[in-house]
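What follows is one structure encoded as structure tokens, with my remarks underneath.
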Amino acid sequence: QVQLVESGGGLVQPGGSLRLSCAASGITFSIFRMGWYRQAPGKERELVATITSGFSINYADSVRGRFTISRENDKNAVYLQVNSLKPDDTAVYYCSAYRILATYWGQGTQVTVSS
């Protein structure tokens, strides 16, 4: 059974930081492209960042320079360091695991940026 479990969300003031974690099980983690997506109230889910099995990285323009994605294959984990947070970053952040014919999602972790 595939499980992706996110953690690390919370309430933070503008300009603050968080480190989101996603622990994966039930997959051969190292061969999957891992990603973080987010969904704000009333909006569609959007890409935040992805990291391939070869460690190639892609960021959404809105987070480039503020967010950093990384992975540790020996721990079956992917991380998202989020810095310089803005109120517009408020959303549920989801972890995903993708390869051809298989996409898995976690349940999400809430990030709220507010003073």
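When the criteria are applied in full, ILE57 meets the requirement of being of a type in the set (Val, Ile, Thr) and modelled with pLDDT of 95 or more. Between SER53, SER96, SER84, the distinction of being hydroxyl-bearing (Ser, Thr, Tyr) and under 21 Å from SER115 (Cα atoms) belongs to SER84 only. Of the residues examined, SER17 is not one that is open to solvent by 30 Å² or more (accessible area, probe 1.4 Å), touching a helix residue (DSSP H, G or I) at 6+ places or on another chain (Cβ under 9 Å), of a type in the set (Ser, Thr, Tyr) and touching a residue at least 40 places away in the same chain (Cβ under 8 Å).
Among the residues of region 50-104, the ones that are under 20 Å from ALA40 (Cα atoms), touching a residue at least 40 places away in the same chain (Cβ under 8 Å) and among the hydrophobic types (A, V, I, L, M, F, W, C) come to 6 in all. One residue stands out in region 81-109 among those that are polar (S, T, N, Q), more than 11 Å from the chain's Cα centre (by Cα) and farther than 15 Å from PHE32 by Cβ: the one that is least open to solvent (accessible area, probe 1.4 Å), namely THR90.
When the residues of region 20-36 are filtered to those that are within 22 Å of ALA91 (Cβ to Cβ) and hydrophobic (A, V, I, L, M, F, W, C), the one that is most open to solvent (accessible area, probe 1.4 Å) is ALA23.
The values are calculated or read from the model by the stated rules, or taken from the named source; none is laboratory data. Please read these numbers as outputs of a predicted model, since none were measured by experiment. Here Cβ is always computed from backbone atoms with ideal geometry, including for glycine, and neighbour counts include all displayed protein chains. Quick note on the areas: whole protein, heavy atoms, side chains included, nothing else; ligands and nucleic acids left out. Shrake-Rupley method; radii C 1.70, N 1.55, O 1.52, S 1.80 Å.
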